[in-house]
Structure formats: C-alpha cells, structure tokens
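Below is one structure, written out as structure tokens; the observations come after it.
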Amino acid sequence: MNYCWVLKAWFEELGDDVGSMAFPNARGKALSREGGDYLLKQAVQRAIPACPSLATKNITPHVVRHSTAMHLLQAGGDIATMALWLGHESIETTHMYLQADLAMKEKALAKLDPLEGEWKRFQADDPLLTFLTSL
C-alpha cells in the first residue's frame, strides 16, 4: 500500500512554519530523542486500557524500531531496503534480523524433504561432557 497521502496531509496540517521538519516539538523545533521517548510513553499509557498487557512491557523507541524492521522483513521486504530504512552503514549489521526470525526459519525448514530412515538426537558422551564442564 502507498501511504504517501498520509505524509502529504501531515505536512499540509503542519503548514509552512516548520519547513520540511516532519516531527517538530511543541516549540516548533526539531523533536529530540527525549521528546520522542516522552510521546511514545504517553501513547503507551493511552493504549493500556485497550491492551492491559502493555503495562508490563518495556516499550522504547528502540523496541519499536526493531519490531518495525522485523515486520518489514516478515512482509517480504528485502534486507537492502531494511538496511537503508534503519540507517545501517553495512548490510551485515542488518543481517541479524534474518538470523532472529524464527518463523522464517521454520518456513525454510518446511520446504526440506523429510529425512528417510531412523534418526536420533545427538547425545554427548561422558568424555565430551567432562571436557565441556571443565571450561
């Protein structure tokens, strides 16, 4: 979906006073990190009556950023676009999102042919366990 109309309407509402600044603070200056955190905390407090479990969660701008990135990935967004959106200098930094998505791993495993014959879970022998516990 294309939500450019939302941004256009928002900039029209802001008027010419703020120029190209999308999120000014109450005094018309750039919204600071603390200001963004304050607004998020207010939004969470207003949402708690409709979703009481929010009261026990630690919701920060950083959590929202990573949650949004995971949703973009799960919706089929490519990792290069995510890297640009997140402001990562290197695509390797964004690669952690691919490693973190358990649902995507399960989907990939479901595409594999089932194992033939019997299989059993690996059991470490006593010398290996002794070595590992000595570390």
Over the heavy atoms of residue 81, what accessible area does a 1.4 Å probe trace out, to the nearest 10 Å²? 80 Å²
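Which whole-number value in Å² is the accessible area per residue of the chain, probe 1.4 Å? Spell out each step's value before the answer.
Values: 11630 Å² over 135 residues.
Ligands and nucleic acids excluded, the figure is 86 Å² per residue.
How do 37, 113, 126 rank by accessible surface area computed with a 1.4 Å probe, from largest to smallest?
Values: 37 45, 113 135, 126 115 Å².
Largest accessible area first, the list is 113, 126, 37.
Per the 1.4 Å probe, what fraction of the accessible area of the chain, in percent, lies on carbon and sulfur atoms?
Of the solvent-accessible surface of the chain, carbon and sulfur hold 61 percent.
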Given a Förster distance of 35 Å, report the FRET efficiency between residue 30 and residue 104 from their Cβ-Cβ distance, rounded to the nearest 0.05. 0.45
Taking N as the residue count of the chain, its alpha carbon Rg divided by 2.2 N^0.38 Å gives 1.63
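Largest first and in whole Å, give the semi-axes of the range 1-62's equivalent ellipsoid, each being the square root of 5 times a Cα gyration tensor eigenvalue.
On the way: eigenvalues 142, 51, 19 Å².
In descending order, the three semi-axes are 27, 16, 10 Å.
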Between the range 63-135 and the range 10-46, the Cα center-to-center distance that results, in Å: 36 Å
Length gained when the stretch residue 21-residue 59 is fully extended (0.36 nm per residue, less Cα-Cα span): 11.2 nm
Taking the chain as a Gaussian network, where each spring joins two C-alpha atoms under 10 Å apart, which residue of 20, 67, 32 fluctuates the most? 20
Rounded to the nearest 500, the 222 nm mean residue ellipticity computed for the chain from DSSP H runs (n ≥ 4, each -39500 (n - 2.57)) alone is -17000 deg cm²/dmol
Shape metrics for the range 69-135, restricted to C-alpha atoms - Rg then Dmax, Å: 18.8, 49
If you add up the charges near residue 88, with Lys and Arg at +1 and Asp and Glu at -1, over every other residue whose beta carbon is less than 15 angstrom from its beta carbon, what do you get? -2
Let me know the Rg and Dmax you get for the range 43-106 when you use only its Cα atoms, in Å. 14.1, 40
Which entries of 57/107; 8/105; 57/105 show an alpha-carbon separation above 31 angstrom in the structure shown? 8/105
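The values are calculated or read from the model by the stated rules, or taken from the named source; none is laboratory data. Note that the structure is predicted; figures quoted are calculated from it, not measured. Here the Cβ is made from the backbone with ideal geometry for all residues, glycine too, and neighbour counts use every protein chain on show. Heavy atoms of the whole protein, side chains included, go into the accessibility calculation; ligands, DNA and RNA do not. Shrake-Rupley method; radii C 1.70, N 1.55, O 1.52, S 1.80 Å.
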